Amino acid sequence: MSGDAGRASEMVERPADYATHIFAVADAEVRKLLHDPWEIFSRALQPVLWLMLFGEVMARVRGITSGGVRYLDFLAPGILAQSALFVSIFYGISAIWERDLGVLHRYMVSPAPRSALVLGKALSSSVRALTQATFVYICSVLLGVQLNLSPSHVTVVILLVVLGSGLFSTFSLIIACIVKTRERFMGIGQVLTMPIFFASNAIYPIALMPTWLKAIASANPLSYEVDGLRAMMLAGGVSVFGLGLDFLALLSAFGVVAVIATRMYPRLTQ
């Protein structure tokens, strides 16, 4: 207990050192990505296919959106959130790899607070998600999606993507701490990803959902990320929940999972 209190006081007394620990972990993770550019390209294919195939087909279905918004425009922010989700939800498997390779034990004996390790991994996951966002924007422009490219709106989009990917990557770290094996993690990750995606407003409005699914979608953090992205990413975009509530929901959920992950992260080595 006293050790945790000491780390907490260190974070308060030397926030610059705490930030350095976070960025050091994130930098190590980003370097792995830079050494494997093929991974960036291969992951970019998924959102492109969703927009070009699913989006073009479903755009012919009348009545699926409201407010005079083209379905492809409606879909683009949802696919951006989906691609970030898919990258983040499987991020915990890297922690299992690190344990098997002995890297995790080096993290554990470092002077960095456990919370800094967790936040560093969340930040590095956000970098991967932003590469996905770049491809989604490029594809959206080519498909004629009416985007709002003002610097202020793009900045808010970046913040939403960083926050959403940090949330789901930290959630995946919790799963990794529980299951502790790659095989189990892959199975659980696949089970969780699609319900989170489909029980949200990513590909259809909440208004079209049955009552029970509306309740689930309203409690789903991904719905708030998508809602904020639609308001900021699209020309004339509007937030259904309100941008303030979108950020509050994401920040609250991220705070909860970050605290849980900080407590559980050392158990992954056991």
**Study point:** Packing-based ranking, highest mean first, of 221-231, 142-152, 42-52 given that Cβ atoms within 10 Å are counted
**Key:** 221-231, 42-52, 142-152
Check your understanding: Ranked by Cβ crowding within 10 angstrom, fewest neighbours first, how are F247, F254 ordered?
Key -> F247, F254
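What FRET efficiency do you get for F54 and T20 if R0 is 51 Å and r is their Cβ-Cβ distance, rounded to the nearest 0.05? Before the final figure, lay out each step's value.
Details: r = 43 Å, r/R0 = 0.84.
The calculated FRET efficiency here is 0.75.
How do 180-186, 71-77 rank on mean C-beta neighbours within 10 Å, highest first?
Sorting 180-186, 71-77 by mean packing, highest first, produces 71-77, 180-186.
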Practice item. Sequence neighbours fewer than 8 away in the same chain don't count; with that in mind, list the lysines whose C-alpha is under 27 Å from K32. Key: K121, K180
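Quick note: the coordinates plus some simple rules give every number you see, no bench work behind them. Bear in mind that the values here come from a model prediction, so they are computed numbers and not experimental data. Note that each Cβ is placed from the backbone with ideal geometry, even for glycine, and that neighbours are counted across all protein chains shown.
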